[in-house]
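Novice: Please find one structure pasted underneath; my questions will follow.
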């Protein structure tokens with residue numbers, strides 16, 4: 001399954017859409033902040049999150065990213081696009097709660113030699129692991145991350 005979270009009325013073609021609101025095209029109406037999501041462990045190949053994660057606070061983001069890890073298959077991909085401080089999309093929207101995205105934003109889910117590189121991650125309930133494969137910045141200064149779920 002390919003899953004577009006927070007898709008709104010613009011679900012990515014070929015994806016199952018999950019959103020808090022029952023827009024046209026939304027397949028699963030569910031608040032991303034309520035866990036567990038109505039999906040089985042390891043049932044998703046790719047989770048796509050376009051311009052949605054910046055609308056959550058830190059604790060909500062930890063829960064959402066952990067939930068993405070739970071539903072992804074081993075080696076599954078998490079593709080995230082967010083507005084960064086240089087983007088006109090960032091400054092216009094007062095509902096953005098996290099605006100300081102950078103190449104280190106997902107380091108709480110990174111391990112080296114079997115240990116989390118940010119040791120407080122497990123204190124916050126982090127159990128998952130992601131490997132950052134790629135980060136790109138587009139002409140609009142929006143940043144895209146491609147992460148792989150590491151599961152043994």
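The values are calculated or read from the model by the stated rules, or taken from the named source; none is laboratory data. Just so it is clear, the model here is predicted, and its values are computed rather than measured. All Cβ positions, even for glycine, are placed from backbone atoms using ideal geometry, and neighbour counts span all protein chains on display.
Novice: Output yes when any residue across region 67-76 is in contact (Cβ under 8 Å) with a residue 40 or more places away in the chain, on the phi > 0 side of the Ramachandran plot, in a strand (DSSP E or B) and surrounded by fewer than 19 Cβ atoms within 10 Å (Cβ to Cβ), and no when none is.
Specialist: Of all residues in region 67-76, those in contact (Cβ under 8 Å) with a residue 40 or more places away in the chain come to 68-76.
Checking the rest, the ones that are also on the phi > 0 side of the Ramachandran plot come to 75.
The next check asks that each one be in a strand (DSSP E or B); those that pass are 75.
From what's left, surrounded by fewer than 19 Cβ atoms within 10 Å (Cβ to Cβ): 75.
Within region 67-76, one or more residues are in contact (Cβ under 8 Å) with a residue 40 or more places away in the chain, on the phi > 0 side of the Ramachandran plot, in a strand (DSSP E or B) and surrounded by fewer than 19 Cβ atoms within 10 Å (Cβ to Cβ).
Novice: Now, a different point. Between residues in region 104-124 that are closer than 15 Å to residue 66 by Cβ and residues that are in a loop (DSSP other than H, G, I, E, B) and modelled with pLDDT under 90, which pairs lie under 6 Å by C-beta distance while being six or more apart or on different chains?
Specialist: Close Cβ pairs satisfying both conditions: 108/121.
Novice: Also, I was wondering about something else. If you scan region 16-38, which residues turn out to be buried (at least 19 other Cβ atoms within 10 Å of the Cβ) and either assigned to a loop (DSSP other than H, G, I, E, B) or out of contact with any strand residue (DSSP E or B) (no Cβ under 8 Å at 6 or more places or on another chain) (or both)? Break it down stepwise before answering.
Specialist: Quick first cut of region 16-38, residues buried (at least 19 other Cβ atoms within 10 Å of the Cβ) only: 17-19, 26, 32, 37.
26, 32, 37 - these are the residues of region 16-38 that are buried (at least 19 other Cβ atoms within 10 Å of the Cβ) and either assigned to a loop (DSSP other than H, G, I, E, B) or out of contact with any strand residue (DSSP E or B) (no Cβ under 8 Å at 6 or more places or on another chain) (or both).
Novice: Within the group 44, 79, which residue is under 26 Å from residue 140 (Cα atoms) and either crowded, with 20+ Cβ neighbours inside 10 Å or in contact (Cβ under 8 Å) with a residue 40 or more places away in the chain (or both)?
Specialist: Exactly one residue qualifies, and that residue is 79.
Novice: Could you tell me how many of the residues in region 90-115 are out of contact with any helix residue (DSSP H, G or I) (no Cβ under 9 Å at 6 or more places or on another chain), under 17 Å from residue 145 (Cα atoms) and part of a helix (DSSP H, G or I)?
Specialist: 1
Novice: Quick one: count up the residues across region 102-131 that are surrounded by 17 or more Cβ atoms within 10 Å (Cβ to Cβ) and at pLDDT 90 or above. Spell out the reasoning first.
Specialist: First, the residues of region 102-131 that are surrounded by 17 or more Cβ atoms within 10 Å (Cβ to Cβ): 105-106, 108-110, 116, 121, 126, 128-130.
Then keep just the ones that are at pLDDT 90 or above; that gives 105-106, 108-110, 116, 126, 128-130.
So the count comes out to 10.
Novice: Return yes or no: is residue 1 in contact (Cβ under 8 Å) with a residue 24 or more places away in the chain and under 17 Å from residue 130 (Cβ atoms)?
Specialist: Values: in contact (Cβ under 8 Å) with a residue 24 or more places away in the chain: yes; under 17 Å from residue 130 (Cβ atoms): no.
Answer is no for this residue.
Novice: Any residue at all in region 59-66 that's outside any helix (DSSP H, G or I), under 15 Å from the mean Cα position of the chain (by Cα) and crowded, with 20+ Cβ neighbours inside 10 Å?
Specialist: Step one: list which residues in region 59-66 are outside any helix (DSSP H, G or I), which gives none.
Checked region 59-66: no residue is outside any helix (DSSP H, G or I), under 15 Å from the mean Cα position of the chain (by Cα) and crowded, with 20+ Cβ neighbours inside 10 Å.
Novice: While we're here: Can you confirm whether residue 147 is free of Cβ contacts under 8 Å to residues at least 40 places away in the same chain, under 13 Å from the mean Cα position of the chain (by Cα) and outside any loop (DSSP other than H, G, I, E, B)? Don't jump to the end; show me each part of the working.
Specialist: Values: free of Cβ contacts under 8 Å to residues at least 40 places away in the same chain: no; under 13 Å from the mean Cα position of the chain (by Cα): yes; outside any loop (DSSP other than H, G, I, E, B): yes.
Judged against the criteria, residue 147 is not a match.
Novice: Within region 39-52, track down each residue that is within 16 Å of residue 82 (Cβ to Cβ) and either part of a loop (DSSP other than H, G, I, E, B) or modelled with pLDDT under 95 (or both).
Specialist: 51, 52
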